[in-house]
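To keep things clear, I will list the structure first and then write my remarks on it.
Nothing in this text is a laboratory measurement; each read-out follows from the coordinates by a stated rule. In this text the structure is predicted, and so the values were computed from the model without any measurement. Note that we place each Cβ from the backbone using ideal geometry, even for glycine, and neighbour counts take in every protein chain shown.
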Amino acid sequence: MSVEEAFHAYEAARHRLPPISTDSRTYKTVETLADVADDFDVFFLDAFGVLNIGETAISGTSQRIMDLKAAGKRVPVVSNAAGSPHATLMNNYTRLGYDFAPEDVITSRATLLAEMKGERDMHWALMATRSTGLQDLEGLSLTYLEENPTLYDTVDGFLLIGSAAWTDARQALLEDALAKRMRPVLVGNPDIVAPREREREREREREREREKRFSTEPGHFAHRLADRTKVVPKFFGKPFTNIFDLAFKRIGPVDRARALMVGDNLHTDILGAQTAGIALALIFDYGFFAGHNVPRAIARSGIVPDYVVRRP
C-alpha cells in the first residue's frame, strides 16, 4: 500500500473517527523537539515513525529523549502496538537503545485490557499471531481465529489485536459470521497501516537500499467488516480518547496545556491528541509522510497540528 492509498483509506474511514476541531488553526515548522522543549512538560511519543521504523531505531531520538528527561520532562510512549505483549515491547525498546520505565509505555493493548475487566466470562475469538503468545491476556477465555468456521459462529465476541497472520479467507469467515449474528468486535489497534522497513538488493547495482513499506493493521480489517456488515467495532487506541485517558492516569496530574503528542500520522496521532485536548506535533522526515508533501496532506485532511517537526 502506497502513502496515497493509505491516506485515502484513513479518509474513507473518517466517519468512524473522532470529529476534527472546527477551530481555525495554523502550524509552525521547527527542526526538532529541542525547539519546543521549554513549552511543554510532557512529551507523548508515538512508536512507529518516531522511535523506530520497523526494526531500526531513528537516529538521534534516544539522545533527544535523554536530553528531555535531563531537563525534567516526562517522556512516555503512547502507541497502538497491540499485537505484542508488554514485556516484548520493553525488550524491543531496550534493544533499540531506549530506556523507558514499564509504566511509561502505554499501549492500545493495555487500553483494551483495561476495558475488558468486567467481560472475562465471555468466550472471545482472537485475531492475533500465535508466535507472539498470550502474555497479558491471562484470565480471558480466548481461541485463535483461524480456518475453523464453527468457531466464528459460536464465540461470544471478537478481539482484533494483530493482523500479521490474517488472511482474506479468515476475513471472509469473520464477515459472514457477523452478518449472520451480531456480536461485539473490540479492536485493539485502530491503525489501518503502519510504516515498516525492508532491505532489497538491486539486481544491477548490487547494493543495499532501504525502502519504507506499510503493513496492513487490524484497523483496516475492522473498517472493512464494518463496511460490509452492520457491526460497529469499538476501537481502543489513537485517535480515540481511551488511550489518552489511560496515559494521564498513569503519569498523574499534569496541565494538559503543557502536554504534547508527537507522531507521524495525521489520522491517529494528531487527531487523537486534538481529541484529548493536548498540543500536536507531526514528524515528517520519518514514518508515514517521509518524502511526501505534508502541507498538502494537512490541507486535504483538515487535521492541523500545532507543529510540523522535521525529526524528533
- Among Val187, Val36, Val262: highest mean-square fluctuation, GNM of the chain, C-alpha pairs under 10 Å: Val36
- Loop-resident sites, the stretch 105-144, for trypsin sites (Lys or Arg not before Pro), counting at most 16 other Cβ within 10 Å (DSSP): Arg120
- Message: Using +1 at the C-beta of Lys and Arg and -1 at the C-beta of Asp and Glu, which of Ala47, Gly60, Ala179 has the Cα lying farthest in the positive direction of the dipole of the chain?
- Response: Ala179
- With +1 on each Lys and Arg Cβ and -1 on each Asp and Glu Cβ, and nothing else charged, work out how big the dipole of the chain is about its Cα centre, in Debye to the nearest 20. 300 debye
- Over the chain, what relative contact order in percent results from Cα pairs under 8 Å that are six or more residues apart? 25 percent
- Task: Give, as ranges by residue number, the residues of the stretch 121-145 whose backbone N falls under 11 Å from the point 7 Å along Cα→Cβ of Asp156.
- Result: 121-125, 140-142
- Taking the Cα centre of the chain as the origin and placing charges on Cβ (Lys, Arg +1; Asp, Glu -1), which of Phe158, Pro195, Val105 is farthest toward the positive end of the dipole? Phe158
- Output the antiparallel fraction of DSSP beta bridges having both residues in the chain, as a percent to the nearest 5. 25 percent
- Which of the pairs Lys180/Lys234; Lys180/Lys249; Lys117/Lys230; Lys28/Lys234; Lys28/Lys69 have their Cα atoms more than 29 Å apart in this structure? Lys180/Lys249; Lys28/Lys234
- Note on the structure: Extension length gain for Ser2 and Asp67 (0.36 nm per residue less Cα distance), in nm, is 19.9 nm
